[in-house]
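*Asks:* Here it is: the structure, laid out below.
The values are calculated or read from the model by the stated rules, or taken from the named source; none is laboratory data. Because the structure is a prediction, the values reported are computed rather than measured. When we count neighbours, we look across all protein chains shown, and the Cβ atoms used for this are built from the backbone with ideal geometry, even at glycine.
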Amino acid sequence: MEKDKKIRVLVAKLGLDGHDRGAKVVARALRDAGMEVIYTGIRQTPGMIVTTAIQEDVDVVGLSSLSGAHMELFPEIIKGLAEKGKKNSLFICGGIIPDEDIPKLKRIGVQAVFGPGTSTRDIINYIEERFRN
C-alpha cells in the first residue's frame, strides 16, 4: 500500500441486527486513527455490503454481528466479493461470535474475530500491521 494512501475500511451491520453502538465506536476509533471509514448503518444485506465494498474500493471489510446469523451471512459476503474479483480485502468481524464458530469463519476467509471487550487500539493495530510497508 502506498505510504500516503489512507486505509479504507467498510464497517457494516448485517440483517435484522439493530444493535449498532459497538460498530459505531469501532468506526469512530478507526477514523480517529487516520483511516477512511465507510459506515453502512444497520440492516444491510450481503449483496448491499458486497456492492458497497466494490464501489468504495475498500481495503478492509469489517462486519459486526450480534444476532447469531454470522455463519449464514458472512460466507455469502466472502463468496460475493470473490465472485466480483475482490479477494484481497482484509475481512474482519466482531460482536457475539461463539468460540466454536471462529475456526469455521477463519476457514472461509475471515482473518480476525474481535469479541466483546476488545480494545479499539487492538483492532487499529491489527489493521495497521497488515498494511505496513
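*Asks:* How many residues are modelled with pLDDT under 95, within 18 Å of Gly22 (Cβ to Cβ) and not aromatic (Phe, Trp, Tyr) if we restrict to region 51-92?
*Replies:* 9
*Asks:* Next up: Within region 41-80, can you find the residues that are within 14 Å of the chain's Cα centre (by Cα) and at positive phi?
*Replies:* Gly41, Asp57
*Asks:* Determine which member of the set Val25, Val50 is part of a helix (DSSP H, G or I), in contact with a Ser or Thr (Cβ under 7 Å, 6 or more places away or on another chain) and not acidic (Asp, Glu).
*Replies:* After applying the criteria, what remains is Val25.
*Asks:* In region 37-53, is there at least one residue being touching a Pro at 6+ places or on another chain (Cβ under 7 Å) and over 19 Å from Glu128 (Cα atoms)?
*Replies:* Within region 37-53 (the criterion being touching a Pro at 6+ places or on another chain (Cβ under 7 Å) and over 19 Å from Glu128 (Cα atoms)), the answer is no, since none of the residues qualifies.
*Asks:* Kindly check whether there is at least one residue in region 67-80 that is of a type in the set (Lys, Arg) and exposed (fewer than 14 other Cβ atoms within 10 Å of the Cβ).
*Replies:* Pass one, region 67-80, residues of a type in the set (Lys, Arg): 79.
When the remaining residues are screened for being exposed (fewer than 14 other Cβ atoms within 10 Å of the Cβ), the result is none.
Scanning region 67-80, I find no residue that is of a type in the set (Lys, Arg) and exposed (fewer than 14 other Cβ atoms within 10 Å of the Cβ), so the answer is no.
*Asks:* Looking only at residues that are surrounded by 15 or more Cβ atoms within 10 Å (Cβ to Cβ) and of a type in the set (D, E, K, R) in region 81-102, which one is farthest from the chain's Cα centre (by Cα)?
*Replies:* Ranking the qualifying residues of region 81-102, first place goes to Asp101.
*Asks:* Taking Gly47 as meeting all but one of (1) closer than 16 Å to Phe91 by Cα; (2) surrounded by 16 or more Cβ atoms within 10 Å (Cβ to Cβ); (3) not hydroxyl-bearing (Ser, Thr, Tyr), write down the number of the exception.
*Replies:* Gly47 satisfies all of (1) closer than 16 Å to Phe91 by Cα; (2) surrounded by 16 or more Cβ atoms within 10 Å (Cβ to Cβ); (3) not hydroxyl-bearing (Ser, Thr, Tyr) except (2).
*Asks:* Would region 82-93 turn up any residue that is touching a residue at least 12 places away in the same chain (Cβ under 8 Å) and more than 23 Å from Ile7 (Cβ to Cβ)?
*Replies:* no
*Asks:* For residues that are in a loop (DSSP other than H, G, I, E, B) and surrounded by 12 or more Cβ atoms within 10 Å (Cβ to Cβ), tally how many sit in region 104-132.
*Replies:* 5
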